[in-house]
1. I'm checking my understanding of the structure. Among residues of segment 57-69 that are closer than 20 Å to A30 by Cβ and surrounded by fewer than 18 Cβ atoms within 10 Å (Cβ to Cβ), which one is nearest to the chain's Cα centre (by Cα)?
2. Which of (1) in contact with a helix residue (DSSP H, G or I) (Cβ under 9 Å, 6 or more places away or on another chain); (2) more than 18 Å from G86 (Cβ to Cβ); (3) of a type in the set (V, I, T) is the odd one out, the single condition I25 does not satisfy?
3. Taking segment 23-39, which residues are open to solvent by less than 80 Å² (accessible area, probe 1.4 Å) and not hydrophobic (A, V, I, L, M, F, W, C)?
4. Which of the residues spanning segment 44-57 are under 14 Å from A113 (Cβ atoms) and in contact (Cβ under 8 Å) with a residue 12 or more places away in the chain?
5. Being open to solvent by 40 Å² or more (accessible area, probe 1.4 Å) and under 28 Å from P108 (Cα atoms) is the requirement here; does V48 meet it?
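The values are calculated or read from the model by the stated rules, or taken from the named source; none is laboratory data. Keep in mind that this is a model prediction, so the values were computed, not measured. Methodologically, a virtual Cβ is constructed for each residue, glycine included, from the backbone with ideal geometry; neighbour enumeration extends over all protein chains shown. Ligands, DNA and RNA are stripped out before the accessible areas are found, and what is left, the full protein with its side chains, is counted by its heavy atoms. Shrake-Rupley method; radii C 1.70, N 1.55, O 1.52, S 1.80 Å.
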Amino acid sequence: MGTDCATCDSALVHNTGTPPHDIDITKTSAALEERVADGRMRVLRSDVPLGDMLALAASDLKYTIVSFVTCESCGRTRFWGLCIRGAPSYKVVEAGAPETWPWEAVPPRHLWAQTDHDTKEHA
């Protein structure tokens, strides 16, 4: 098995920032969501669904928001992490990493999730 994977490596989208702040969070999140939706990747464990990570991060109610995903093409486990005061992280980790992660409670969804109703009301 090689180290390059067209499926999971290409989910990482860069911006023009200086490392480690050179990850386009919105585009990388969307790429991961797309790969999970079409079965190329699978969520192993996460604080919230991939599509909710940005909203939770924007709320400033949880310091670190993470997802562990596995690539169905190469079998590697990936860590996708957002930190409200630091750089995002997308990296290969050991397969057992989700079991050893120091999981913390997620604030109640109604405090941070934006619904379609909220968007229309504030438009």
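1. Restricting to residues being closer than 20 Å to A30 by Cβ and surrounded by fewer than 18 Cβ atoms within 10 Å (Cβ to Cβ), the top hit is A58.
2. Tallying (1) in contact with a helix residue (DSSP H, G or I) (Cβ under 9 Å, 6 or more places away or on another chain); (2) more than 18 Å from G86 (Cβ to Cβ); (3) of a type in the set (V, I, T), I25 fails exactly one: (2).
3. The initial filter retains those residues of segment 23-39 that are open to solvent by less than 80 Å² (accessible area, probe 1.4 Å), namely 23-25, 28-33, 35-36, 39.
If the condition is that a residue be open to solvent by less than 80 Å² (accessible area, probe 1.4 Å) and not hydrophobic (A, V, I, L, M, F, W, C), then D24, T28, S29, E33, R35, G39 are the ones that fit.
4. Selection gives D47, V48, L50, G51, D52, M53, L54, A55, L56, A57.
5. no
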